[in-house]
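Just below is one structure, and these are the notes that go with it.
The values are calculated or read from the model by the stated rules, or taken from the named source; none is laboratory data. Note that this is a predicted model, so its numbers are computed, not measured. Glycine gets a Cβ as well: all are built from the backbone with ideal geometry, and neighbour counts include every protein chain shown. To get the accessible areas, we keep the full protein, side chains included, count just its heavy atoms, and leave off ligands, DNA and RNA. Shrake-Rupley method; radii C 1.70, N 1.55, O 1.52, S 1.80 Å.
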Amino acid sequence: MSSDRSLVHIAFYAALIAALGLMPKIELGLAGGIPITAQSLGVMLAGMMLGPVRGGLAVGLFLFLVALGLPLLAGGRGGIGVFYGASAGYLAGYLVGAIVVGAIMKAMRNTNVVFGAVVSGVIGGIVVVHALGVPVLAYKAGMSLDQAIMVGSLPFIPGDLIKVVLATLVAHTIARGLPSAILSRA
Ligand SMILES: O=C(O)CCCC[C@@H]1SC[C@@H]2NC(=O)N[C@@H]21
């Protein structure tokens, strides 16, 4: 694929993650203030569709724009300060998670796309994001790891599983209609 087309794909998924931030975040009112956000769906999709390198670049571009101050995070937040806040670990998890989702999709490119999407979405899009988010939340909010799991991981698992299902449906649909757009399986 030409580098021009790669750049278009990377920019498209960075923009998709930003657009998903327009959906209102849902505050659960728990300690630490971590919201339910649709943006982690975009992170899963970036990895699933683009693979580890381009998927990581798409999320990296999105986070770079946030760091520059663009209000692209759910609720209209942006600026370097968010990378020092309670949700900083999840933001790092977005980057690593997209790379892991993409790496798993690529490794499973010769298996059923639905199977690859579910496995990569659960491991990269949930386990990795939570594994980076929870310890930072515990540190920043001054709570134990157990407490952080109770307020920063468990309440989000049902919604995150729904996102894996949605991302899998998108991957399945694109695999049937426009398989060349799933660069992770090229
Ligand atoms: O916007 C931010 O500052 C990052 C929010 C991180 C939210 C995490 S990502 C994993 C889990 N699933 C959600 O819907 N919310 C949390």
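Highest GNM mean-square fluctuation, the chain, Cα pairs closer than 10 Å: which of A58, A175, A117?
Highest fluctuation among the options: A175.
To the nearest 10 degrees, how steeply does helix 157-177 sit against the main Cα axis of the chain, on a 0 to 90 scale?
The two axes meet at around 10 degrees.
Using the heavy atoms of the protein chains and a 1.4 angstrom probe, tell me the accessible area per residue for the chain in square angstrom.
In whole numbers, the chain has 47 Å² accessible per residue.
When the Karplus curve 6.51 cos²θ - 1.76 cosθ + 1.60 is applied with θ = phi - 60°, which whole-Hz ³J(HN,Hα) does each residue of segment 126-140 get, with x for Gly and Pro?
10, 4, 5, 4, 5, 5, 8, x, 5, x, 5, 4, 4, 5, 5
Quick check: the distance between the Cα centres of segment 125-143 and segment 157-181, to the nearest angstrom?
With segment 125-143 and segment 157-181 each reduced to a Cα centre, they are spaced 25 Å.
Could you name the lysines whose alpha carbon sits less than 18 Å from that of K25, not counting residues in the same chain fewer than 8 places away?
Leaving aside lysines fewer than 8 places away in the same chain, those within reach of K25 are K163.
Ignoring ligands, DNA and RNA, please state the percent of accessible area on the chain from carbon and sulfur, probe 1.4 Å. List each step's numbers first, then the result.
Numbers: 6320 of 8720 Å².
Carbon and sulfur together cover 72 percent of it.
When a/c is below 1.5 the answer is rounded, else prolate if a/b is larger than b/c, else oblate, so apply that to segment 27-186 with a ≥ b ≥ c taken from the square roots of the Cα gyration tensor eigenvalues.
Since a/c reaches 1.5 and a/b is larger than b/c, the shape of segment 27-186 is classed as prolate.
Could the peptides 107-116, 123-132 be put in order, highest first, of the mean number of other beta-carbon atoms found within 10 Å of their residues? Before the final figure, lay out the partial values.
On the way: 107-116: 14.6, 123-132: 22.2.
Answer by packing, highest mean first, reads 123-132, 107-116.
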